[in-house]
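Novice: One structure coming up, written as structure tokens, with questions to follow.
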Amino acid sequence: MDINLSQCFIAVDDHDKALAFYRDVLGMEVRGDVGFEGMRWVTVGSPAQPDVDIVLEPPLADPNASAADKAAMAELLAKGHLRGVILTTDDVDATFEHIRAAGAEVLQEPVDQPYGVRDCAFRDPAGNMLRFKQPRKG
């Protein structure tokens with residue numbers, strides 16, 4: 001049996017700000033932009049991984065959700081408690097400098113981890129944690 005990742009979902013509160021980050025800063029390509037019942041889903045992905053999509057979705061993609069539920073999800077998103085994604089790069093230090101120069105919130109500067117990677121972390125415009133890693137050399 002061969003099982004592979006196809007899609008992951010990241011909640012965002014402003015799709016235009018998210019696009020400016022994922023497309024313009026990270027270099028992802030836009031693969032879809034769909035509206036439905038006043039909500040929006042934008043699919044992006046790395047050109048190097050055409051079979052893996054990241055779907056930028058509303059924090060609570062339920063048109064029947066209560067105002068209290070919507071407010072609770074918005075609060076969790078603002079605190080960065082909803083999603084986290086780990087991406088790989090061939091040069092974590094250069095990636096860090098590029099993303100920092102674009103103004104993203106730094107959570108962790110590049111560091112060698114004891115589990116064999118060098119990584120760094122940022123928040124996207126919605127508050128989600130994104131980690132960028134590369135295998136440590138020798």
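None of the figures in this text is laboratory data; all of them are computed from the coordinates on show. In this text the structure is predicted, and so the values were computed from the model without any measurement. FYI the Cβ positions are ideal-geometry reconstructions off the backbone, even for glycines, and counts take in every protein chain you see.
Novice: Can you compute log10 of I(q)/I(0) for the chain with the Debye formula, treating each Cα as one identical point scatterer, at q = 0.10, 0.12, 0.14 Å⁻¹?
Specialist: At q = 0.10, 0.12, 0.14 Å⁻¹ the computed log10 ratios are -0.36, -0.52, -0.69.
Novice: Right, here's the next one. Run through segment 1-105 and list the GluC sites (Glu not before Pro) located in a DSSP loop whose Cβ has at most 11 other Cβ atoms within 10 Å. Please report the intermediate quantities before stating the final value.
Specialist: Working: sites: Glu29, Glu37, Glu75, Glu97, Glu105; in loops: Glu37.
For GluC sites (Glu not before Pro) across segment 1-105 that sit outside H, G, I, E and B with at most 11 neighbouring Cβ atoms in 10 Å, the list reads Glu37.
Novice: Nearest 5 percent is fine: what portion of the DSSP beta bridges confined to segment 45-138 is antiparallel?
Specialist: Details: 12 of 17 bridges.
Bridges in segment 45-138 that DSSP calls antiparallel: roughly 70 percent.
Novice: When the chain is treated as a GNM, springs tying every alpha-carbon pair under 10 Å, which of Ala74, Ala48, Ala104 comes out with the largest mean-square fluctuation?
Specialist: Ala48
Novice: For Ala78 and Ala101, what does the FRET efficiency come to when R0 = 35 Å and r is the distance between their Cβ atoms, rounded to the nearest 0.05? Show your work: numbers first, answer last.
Specialist: On the way: r = 25 Å, r/R0 = 0.70.
Calculated value: 0.90.
Novice: Please report the relative contact order for the chain, taking Cα pairs under 8 Å with a sequence separation of at least 6, and give it as a percent rounded to a whole number.
Specialist: Rounded, it is 23 percent for the chain.
Novice: Still on this structure, please answer the following. Pop a pseudo-label 7 angstrom from the Cα along the beta-carbon direction at both Ala20 and Ser6 and give the gap in nm to one decimal.
Specialist: 3.4
Novice: Here's something else I'd like to know. Which whole number in µm²/s is D for segment 28-88 by Stokes-Einstein, with the Kirkwood Rh taken over Cα pairs at 20 °C and 1.002 mPa s? Walk me through the numbers before you get to the answer.
Specialist: Numbers: Rh = 13.2 Å.
In µm²/s, the coefficient is 162.
Novice: By the scheme Lys and Arg +1, Asp and Glu -1, what is the net charge of all other residues having a beta-carbon under 14 Å from that of Gly80?
Specialist: On the way: positive: Lys79, Arg83, Arg123, Arg131; negative: Asp13, Glu75, Glu105, Asp124.
With Lys, Arg at +1 and Asp, Glu at -1, the neighbours total 0.
Novice: Ok, one more. Once phi is turned into ³J(HN,Hα) by the Karplus curve 6.51 cos²θ - 1.76 cosθ + 1.60 with θ = phi - 60°, what whole-Hz value does each residue of segment 9-26 show in order, with x for glycine and proline?
Specialist: Here the 3J(HN,Hα) series is 10, 10, 6, 9, 9, 8, 5, 5, 5, 5, 4, 4, 7, 5, 7, 7, 8, 7 Hz.
Novice: Further, regarding this structure: When the helix-only estimate is applied to the chain (DSSP H runs of n ≥ 4, each -39,500 (n - 2.57), divided by the residue count), what is the mean residue ellipticity at 222 nm, nearest 500 deg cm²/dmol?
Specialist: Rounded to the nearest 500, it is -5500 deg cm²/dmol.
Novice: Also, I was wondering about something else. Can you give me the Rg/Rh ratio for segment 62-121, using Cα atoms for both radii and the Kirkwood formula for Rh?
Specialist: Details: Rg = 16.2 Å, Rh = 14.1 Å.
Across segment 62-121, the Cα-based Rg/Rh ratio is 1.15.
Novice: Work through the residues other than Lys70 whose Cβ is under 12 Å from its Cβ and net out their charges, Lys, Arg +1 and Asp, Glu -1.
Specialist: Working: positive: none; negative: Asp13, Asp62, Asp69, Glu75.
Cβ neighbours under 12 Å give a net charge of -4.
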